[in-house]
C-alpha cells in the first residue's frame, strides 16, 4: 500500500487539481493515515461535485483497499477507467492499483 501511495503522490495526482475536498482528503491522509473513513467522506464530497475526477477516484479506491473493501475499490477503479477513457487520457496507475486490488 505504501508503494501505491508513493506512486500516486509521485504522479502528482493529489496536486494536479485544486479541488477543495481532494486537497482536504490529501491533508487528512498525510496528517494521520488511520483516518481512512474521514478521507473517504471528503473524497465522496469531491466526487459529488466532480464525478470524473480521476485522481479522486484513484485515491478513493486506495482508501477502500485500506479499509478492506476490495469489492468497493474495484467498482471505484472501474469508474476511474471509464473516466480515463472519457477524457481520452491514460493513467497507468489506475491499472496498477486495479491489479493490486485483484491480488488482495
- [ ] Taking residue 80 as the residue in question, decide whether it is more than 10 Å from the chain's Cα centre (by Cα) and either without any contact (Cβ under 8 Å) to a residue 40 or more places away in the chain or part of a helix (DSSP H, G or I) (or both).
- [x] no
Task: Options 90, 77: the member that is touching a helix residue (DSSP H, G or I) at 6+ places or on another chain (Cβ under 8 Å) and either within 19 Å of residue 23 (Cβ to Cβ) or at pLDDT 95 or above (or both) - done: 77
- [ ] Being without any contact (Cβ under 8 Å) to a residue 12 or more places away in the chain and part of a helix (DSSP H, G or I) is the filter here, so list the residues in the range 45-77 that pass it.
- [x] 48, 71, 72, 75
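The values are calculated or read from the model by the stated rules, or taken from the named source; none is laboratory data. In this text, all values refer to a predicted model and were calculated from it rather than measured experimentally. With ideal geometry, Cβ positions are generated from the backbone for all residues, glycine too; neighbour counts draw on all protein chains shown.
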